[in-house]
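J.: This is the structure I want to talk about, given as structure tokens.
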Amino acid sequence: MVQRALRDAADAPGYPLTAGTPALREAAAGWAARSRGAVGLDPEAVLPTIGSKELVAWLPTLLGLGPGDVVVIPEVAYPTYDVGARLAGARAVAVPPGGWPTEEQLRGPDGAPGRVRLVWLNSPSNPTGAVAGVEQLRSAVERARAEGAVVASDECYAELAWDVEEVPSVLDPRVCGTGKGSHDGLLLVTSLSKRSNLAGYRGGAVLGDPRLVAQLLAVRKHAGMIVPAPVQAAVAAAFSDDEHVAVQRERYRARRSVLRAALEGAGLRVEHSEAGLYLWTRAAGAAGTASGSGWELLDRLADLGILVAPGDFYGPSASAHIRVALTASDERVSAAAARLAALAG
């Protein structure tokens, strides 16, 4: 279905619309209502992105942040949130779930107080797979609004839930409120790389506050940040269909079951991992990892031909963990599970 849409739109010699085709915007708004509880979202408040990573990296710059501004990011997080702040000349401050920067954290190197301009939320989390509930999200939104900061919620893994009944969105009325202005200051970031297994297409979107979306569009159209027309057609098709997402989810569920059982059988403890594409695994307990070091376990697994990510890649407080991905083929996942038996002694 998605490939057919891409082929049918292949004859596209002209420049595409930075704002996205009406079909794409309407499909994304429909998806947001069905999947994320974002009722009443105007299709004009949708902007296609070239995947989600470029938006994460450039959002502080696109919003006009600079020196003296603070970007609040999760304590354990995808590194691009921090990189994006640096690219803008702003400063990232990491906080634990539900936290807010202290006065000391807000002070810059010169001692001057920084102003919080942007707050990144990420639920389900990459890498931990932890899911924020309605209360936690609402509290973050209320605090950010009180400070006049934009909230950007990275929800790329939201449709891959395993151990929770729901993954609330920042645009859910229980979080953001109802009526006119309920989406003010809020942006939802999503990607087709995970839900639709379309990483090679580089398709995603940012949705939410119409004023902020218009601001992003005004800059992006001058910077050439345009999703190719055939990809826009494919993105519209993917957002319009939920069946392929369900198929993909069951494929990941099966891989997760195999890998989790193998990790736990090797004496490792999987923590959080309630949703998403990763198993957040503590190093302590496995044979050959007496120190509890994520790097020591990583080396041991590499010797077995199993590649994982070190926890401290996502923050210094995560040095005792590794991130195990579910994205390898079924055959490779089964092979990795068999090799993990060697860790059990």
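Derivation of every value follows stated rules applied to the coordinates shown; laboratory data play no part. Everything quoted here is computed from the prediction, not taken from an experiment. Neighbour counts run over all protein chains shown; Cβ positions are idealised from the backbone, glycine included.
J.: Between (i) 1.01; (ii) 1.11; (iii) 1.24, which matches Cα Rg over 2.2 N^0.38 Å calculated for the structure shown?
T.: (i)
J.: About the Cα centre, and with charges only on the beta carbon of Lys, Arg (+1) and Asp, Glu (-1), how big is the dipole of the stretch 244-343? Nearest 20 debye, please.
T.: The dipole of the stretch 244-343 has a size of about 280 debye.
J.: A follow-up question, please. Taking 7 Å along the Cα-to-C-beta vector as the label spot, tell me the residue 341-residue 269 distance in nanometres, rounded to one decimal.
T.: So the label points at residue 341 and residue 269 sit 2.7 nm apart.
J.: So, one more: How much of the DSSP beta bridge set in the chain is antiparallel, as a percent to the nearest 5?
T.: Percent antiparallel among DSSP bridges in the chain is about 55.
J.: Would you list, by chain and number, the lysines whose Cα falls below 24 Å from the Cα of residue 221, excluding same-chain residues fewer than 8 positions away?
T.: 53
J.: Here is a follow-up. With point charges of +1 on the Cβ of Lys and Arg and -1 on the Cβ of Asp and Glu, referenced to the Cα centre of the stretch 244-343, which listed residue (310, 326, 268) lies farthest in the positive direction of the dipole?
T.: 326
J.: On to the next question. Under a Cβ-only charge scheme (Lys and Arg +1, Asp and Glu -1), can you give me the dipole magnitude of the chain about the Cα centre, in debye to the nearest 20?
T.: 380 debye
J.: What's the local net charge at residue 213, with K and R +1, D and E -1, over the other residues with C-beta under 15 Å away?
T.: My count for the surroundings of residue 213 gives -1.
J.: Right, another one. For the pair residue 243 and residue 291, what calculated FRET efficiency results from E = 1/(1 + (r/R0)^6), where r is the Cβ-Cβ distance and R0 = 56 Å, to the nearest 0.05?
T.: 0.75
J.: A follow-up question, please. What FRET efficiency comes out for the pair residue 284/residue 307, r = Cβ-Cβ distance, R0 = 22 Å, nearest 0.05?
T.: 0.60
J.: List the residues whose amide H sits under 5 Å from the amide H of residue 121, counting only those 5 or more places along or on another chain, with H placed 1.01 Å from N in the peptide plane.
T.: Those lying under 5 Å, H to H, from residue 121 are 152, 153, 154.
J.: According to a simple spin-label model (label point 7 Å from Cα along Cα-to-Cβ), what is the distance in nm between residue 261 and residue 86?
T.: With each label placed 7 Å out from Cα toward Cβ, I get 4.2 nm.
J.: Taking amide H positions as placed in the peptide plane 1.01 Å from N, state which residues far from residue 276 in sequence (5 or more) or on other chains have amide H under 5 Å from it.
T.: 160, 161, 162
J.: Could you calculate the FRET efficiency of residue 4 with residue 214 from 1/(1 + (r/R0)^6), where r is the beta carbon distance between them and R0 is 35 Å, rounded to 0.05?
T.: 0.60
J.: Quick check: Cα centre of the stretch 212-276 to Cα centre of the stretch 286-345, how many Å?
T.: With the stretch 212-276 and the stretch 286-345 each reduced to a Cα centre, they are spaced 23 Å.
J.: Classify the stretch 54-113 from the C-alpha gyration tensor, please: rounded if a/c falls under 1.5, else prolate or oblate depending on whether a/b exceeds b/c.
T.: oblate
J.: Within straight cross-link reach of residue 180, meaning Cα distance under 13 Å, which aspartates and glutamates are found once same-chain residues fewer than 8 apart are removed?
T.: 42, 209
J.: Ignoring everything except DSSP H segments at least 4 long, calculate the 222 nm mean residue ellipticity for the chain; use -39,500 (n - 2.57) per segment, divide by total residues, nearest 500.
T.: One gets -11500 deg cm²/dmol as the mean residue ellipticity at 222 nm.
J.: In what sequence, highest mean first, do 272-283, 95-106 appear when ranked by Cβ atoms within 10 angstrom?
T.: Highest to lowest by the protection proxy: 272-283, 95-106.
J.: Add +1 for every Lys or Arg and -1 for every Asp or Glu among the other residues with Cβ under 12 Å from the Cβ of residue 65, and state the total.
T.: +3
J.: Also: Please compute the modelled spin-label separation between residue 165 and residue 251, points set 7 Å along Cα→Cβ, answer in nm with one decimal.
T.: Here the answer is 3.0 nm between the modelled labels.
J.: Right, another one. Find out how many positive minus negative residues lie around residue 174, taking Lys and Arg as positive, Asp and Glu as negative, among other residues whose Cβ is under 13 Å from that of residue 174.
T.: -2
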